[in-house]
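Following: one structure in structure tokens, then a few remarks.
The values are calculated or read from the model by the stated rules, or taken from the named source; none is laboratory data. Since the structure is predicted, the reported quantities are computational estimates derived from the model, not experimental observations. Cβ atoms come from the backbone with ideal geometry, glycine included; neighbour counts cover every protein chain shown.
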Amino acid sequence: MAAVVEEVLPPSLNATAEQPPLFDGTTRLYTAYICPYAQRVWITRNYKGLQDKIKLVPLNLYHRPDWYKEKVYPTNKVPSLEHNGKVIGESLDLIKYVDSNFEGPSLLPDDPAKREYAEELLSYSDTFNSAIVFSFKGDTAKEAGAQFDYLENALHKFDGPFFLGEISQVDIAYIPFVERFHVFLFEAFKIDITEGRPKLAAWIEELNKIDAYKQTKTDPKLIVEAYTKRFLG
């Protein structure tokens, strides 16, 4: 991991905020502090030590500026990355893009078997997230439990606390969502996702030691509030 950089986070831009210059040579990560998809790319940036190379432009998702959709990214979603005269999006694509187009420690091992497994796990991440959200309206313990069992089993494949042994794109893709589900499932359903899953518990513990991730974590109270309103309201 690159050297730890203590960063003063800029305030989120709301509907009245002026648009920053576009395509002036600055690389910008348009993000939102509450968004797990954007958090994936933010962690990647931090882990590779790119705080001085990629500027954070956080948006208020509830009152986002019109210029973002009109001038920057027509889908009006975060994250997006302004780099080399273009704006690209989609969080999994951006994890890979930042990892392969910028300096800093690689987040993919050279081992072909591990790379193949990485693609399998990355491809499954949307299924994982959707299944757990869907479980909130069904048999949550059973349906969500099956997804966390999937992670527990995946963590047994290689030696080490992470999915591929050492930290990789895969861990970064999953942890923002596991972070939120861990808090919300316990608060709303009294389900501890780590119970009976020692590998998952150790994985979460190891990630919480990594500053690149810790600096991006969301206040648990905000997670519970947002998820309760969105999924149980």
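So the values come out like this:
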{"item": "Count of the range 147-172 residues which are without any contact (Cβ under 8 Å) to a residue 12 or more places away in the chain and part of a loop (DSSP other than H, G, I, E, B)", "result": "2"}
{"item": "Matching entry among ALA212, ALA173, ALA202, ALA188 (being aliphatic (A, V, I, L, M) and within 22 Å of LYS137 (Cα to Cα))", "result": "ALA188"}
{"item": "For TYR33: the one exception among (1) without any contact (Cβ under 8 Å) to a residue 12 or more places away in the chain; (2) within 26 Å of ASN129 (Cβ to Cβ)", "result": "(1)"}
{"item": "Among residues of the range 77-95, those that are within 19 Å of the chain's Cα centre (by Cα), surrounded by fewer than 17 Cβ atoms within 10 Å (Cβ to Cβ) and not in a strand (DSSP E or B), counted", "result": "2"}
{"item": "Flag if SER130 is within 19 Å of ILE175 (Cβ to Cβ) and at pLDDT 95 or above", "result": "yes"}
{"item": "Residue in the range 64-76 that is touching a strand residue (DSSP E or B) at 6+ places or on another chain (Cβ under 8 Å), of a type outside the set (A, V, I, L, M, F, W, C), surrounded by fewer than 13 Cβ atoms within 10 Å (Cβ to Cβ) and not assigned by TED's automatic domain parsing to the domain that holds ALA173 present", "result": "yes"}
{"item": "Filter result (farther than 20 Å from THR228 by Cα and under 19 Å from the mean Cα position of the chain (by Cα)) within the range 131-149", "result": "GLN147, PHE148"}
{"item": "Filter result (surrounded by 17 or more Cβ atoms within 10 Å (Cβ to Cβ) and closer than 16 Å to PHE186 by Cα) within the range 141-163", "result": "ALA144, GLY145, GLN147, PHE148"}
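For every residue, the table says whether it meets (1) within 26 Å of ASN208 (Cβ to Cβ); (2) surrounded by 13 or more Cβ atoms within 10 Å (Cβ to Cβ).
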residue	(1), (2)
ALA15	no, yes
LEU22	no, yes
THR26	no, yes
ALA32	yes, yes
LEU56	yes, yes
ASN60	no, yes
SER106	yes, no
ASP110	no, no
GLU116	no, no
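Conditions (1) at positive phi; (2) hydrophobic (A, V, I, L, M, F, W, C); (3) in a helix (DSSP H, G or I); (4) over 16 Å from the mean Cα position of the chain (by Cα), marked per residue:
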| site | (1), (2), (3), (4) |
| --- | --- |
| ILE34 | no, yes, no, no |
| TYR37 | no, no, yes, no |
| VAL41 | no, yes, yes, no |
| GLY49 | yes, no, no, yes |
| PRO58 | no, no, no, no |
| TRP67 | no, yes, yes, yes |
